[in-house]
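Structure, as structure tokens:
The values are calculated or read from the model by the stated rules, or taken from the named source; none is laboratory data. Quantities reported herein were computed from a predicted structural model and do not represent experimental measurements. All Cβ positions, glycine included, derive from the backbone under ideal geometry; neighbour counts span all protein chains shown.
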Number of protein chains: 2
Amino acid sequence: MEILQNDLLLRAARGERTERVPVWMMRQAGRILAEYRAVREKAGNFIKLATTPELAAEVTLQPVDLLGVDAAIIFSDILVVPEAMGLPYEMEEKRGPVFPQVVKTVADIEQLRVADPEEHLKYVLDAIKIVKQELNGRVPLIGFAGAPFTIFCYMVEGKGSKTFSVAKKALYADPQFSHALLQKITDSTIAYLKAQVAVGANLVQIFDSWAGILSPEQYRTFSLPYIKQICDALADSVPVTVFAKGAFFARQDIGQLNCSVVGLDWNMDAAESRQLIPTKTLQGNLDPCVLYADYAQIRTEVTKMLRSFGTHRYIANLGHGVYPDTDPDKVRCFIDTVKSYSSK
Amino acid sequence: MEILQNDLLLRAARGERTERVPVWMMRQAGRILAEYRAVREKAGNFIKLATTPELAAEVTLQPVDLLGVDAAIIFSDILVVPEAMGLPYEMEEKRGPVFPQVVKTVADIEQLRVADPEEHLKYVLDAIKIVKQELNGRVPLIGFAGAPFTIFCYMVEGKGSKTFSVAKKALYADPQFSHALLQKITDSTIAYLKAQVAVGANLVQIFDSWAGILSPEQYRTFSLPYIKQICDALADSVPVTVFAKGAFFARQDIGQLNCSVVGLDWNMDAAESRQLIPTKTLQGNLDPCVLYADYAQIRTEVTKMLRSFGTHRYIANLGHGVYPDTDPDKVRCFIDTVKSYSSK
């Protein structure tokens, strides 16, 4: 078994007591760091960066060295899964991801394959191998994938959207089509996450970024059952974190999944969430905008957060990805405050 | 006192028992109707349509005649208030509203005026007068304004945004600036809504469209106190509806405001909301995407909604504005199902 010098994240995920609260940040490997922007410049574009193992590994390691977080998270994108299934995407600088072709019919679904990670996502696995070697046990590595419903949104809508009304239309108008596509995404995701674990991911996080656009009933029908399959398939190997942004209404249900950690956004109250999810470790949930405030205010807000969650069964994080224009020194203030306050 | 032939909406708002559940739709006067698109074509653009009283009145009346809703809502835009304060905007076809200038400093706030509705929003008041004459007491007329926080978002950010991180940055970085601007917007909004009531609005709705991007604590600091001022200023004259999209965490607080009706989005469970807001009439909350389904499924979902809310202290609506590409016949199915089911 791998021995880690800093295993705070994994112990907190398993519900063990830790000397202090572990801390990392969603999107920590990214645009906030000048060092990241330099590597990205070298790569030419986002997709090139994500698909070149040496470069992806390099930016994965940066926040460990430069910010002092308690975990690395592999630099990648949730949309590599549809790409591996046979639906490629492009990343447009201002618009974000765009799929030139979308999935419209059952015949379109049949054209797609269940992703074979060794063949179609080898570049991610290779990046993980490099990261593990370079980390050399300093901190754990987090693997991740999008939740099937969130991936479904992009594959059907073809691009980002405030409402994803095209994707949601499919749920109401053609549930059979929707379930067939969701199952194929789920099968691909399970294979992908298992492959990440096989090459060294110590924990995996499922991002349901668009959970909040569904009604509670639709969430129970079209998202939760597929997240459940993933949790059940992975839980025996590594701790699983489920982060369903905006799904305040599903906290109780998520708390009953076969996962170790539940991620919260900043709308979700700590005490209320503890009550709804009594047996899991919670992760979150500072508003990323707090990092625009001055240092004193950041310390106040972080301390308030730590007080409300307590130091047990808790992983400090933001409630969403860090915003790209955040000052790295403010990020360090966030991280250092968690470390110093929670080790008291 | 004005006598209305159909006062279901007002009686339901006041908590009185009604023969059946009243129904209307957010954005009912708009792109779903071919008749609307024809008038808009004639006007040339959105802002011209909204600022020409005869045309605004015409499209306000269309859904009453064509869809059979139990209320008209004046056709306008929440951004007429910043415009009246001296901050004009443009409506770009694909991007939505854009403010060429934004509010950045206390000096910028001082440059703005408290809107004088008689002078700066006369076109809305004139449209209301025409609508009232044309309606001739058939159904009540709803007036509206944006909640101060939502207006603040646009005035500081300058355009729509997923995160409104520029506007939120101001809340954390400069609370004094933020409160000063929020107060000026509030003063303008109170004057504006009072003027709408003076010319015949029978109920006013406050739209806090971006409520969901705030943490519970920020919502209590930067949004609720200003909505409270508006409710307190209006409640003696007409029923007030507060619709704070995404602010599930604030339902209890909103339920204690001096308002008659609380609007809910489709994430918010009926039974839970009744428990959190026991003394108000509830309004909502069908997912607009349901109207993409077939007729049988629409009837099923609408019936389910009516069963969960009950027929007392309830106004049927969508959980957000109707999507522009919705088939008007599906809209009629929604409205007719509410009417027939709830009058049984």
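Values for this structure:
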| quantity | calculated |
| --- | --- |
| Spans of helices (runs of 4 or more DSSP H) in the range A:108-221 with at least 3 residues in contact with a strand residue (DSSP E or B) (Cβ under 8 Å, 6 or more places away or on another chain) | A:122-135, A:148-157, A:175-198 |
| Scan of the range B:168-190 for residues that are of a type in the set (A, V, I, L, M, F, W, C) and within 9 Å of chain A (Cβ to nearest Cβ), ordered by number | B:Ala170, B:Leu171, B:Ala173 |
| Those helices (runs of 4 or more DSSP H) lying entirely in the range A:1-73 with at least 1 residues at pLDDT 95 or above and closer than 22 Å to A:Cys289 by Cβ | A:34-43, A:53-66 |
| Looking only at the range A:248-282, and only at residues there that are within 15 Å of the chain's Cα centre (by Cα) and within 24 Å of B:Arg220 (Cβ to Cβ), the one that is surrounded by the fewest Cβ atoms within 10 Å (Cβ to Cβ) | A:Asp265 |
| Selection from the range A:305-341 of residues that are crowded, with 22+ Cβ neighbours inside 10 Å and of a type in the set (Gly, Ala, Ser) | A:Ala316, A:Gly319 |
| Which listed residue, of A:Pro97, A:Pro88, is in contact with a Phe, Trp or Tyr (Cβ under 7 Å, 6 or more places away or on another chain) and surrounded by fewer than 24 Cβ atoms within 10 Å (Cβ to Cβ) | A:Pro97 |
| Residue count, the range A:132-155 (criterion: among the aliphatic types (A, V, I, L, M) and touching a Phe, Trp or Tyr at 6+ places or on another chain (Cβ under 8 Å)) | 4 |
| Elements of type strands (runs of 3 or more DSSP E) in the range B:223-333, at least 3 residues being closer than 26 Å to B:Ser188 by Cβ, more than 9 Å from chain A (Cβ to nearest Cβ) and of a type outside the set (Asp, Glu) | B:240-244, B:261-263 |
| Residue check, A:Val81 closer than 13 Å to A:Leu121 by Cα and part of a helix (DSSP H, G or I) | yes |
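Here's the yes/no breakdown for (1) touching a residue at least 24 places away in the same chain (Cβ under 8 Å); (2) over 25 Å from B:Lys344 (Cα atoms):
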{"position": "B:Arg20", "(1), (2)": "yes, no"}
{"position": "B:Gly44", "(1), (2)": "no, yes"}
{"position": "B:Ala72", "(1), (2)": "yes, no"}
{"position": "B:Glu83", "(1), (2)": "yes, yes"}
{"position": "B:Gly86", "(1), (2)": "yes, yes"}
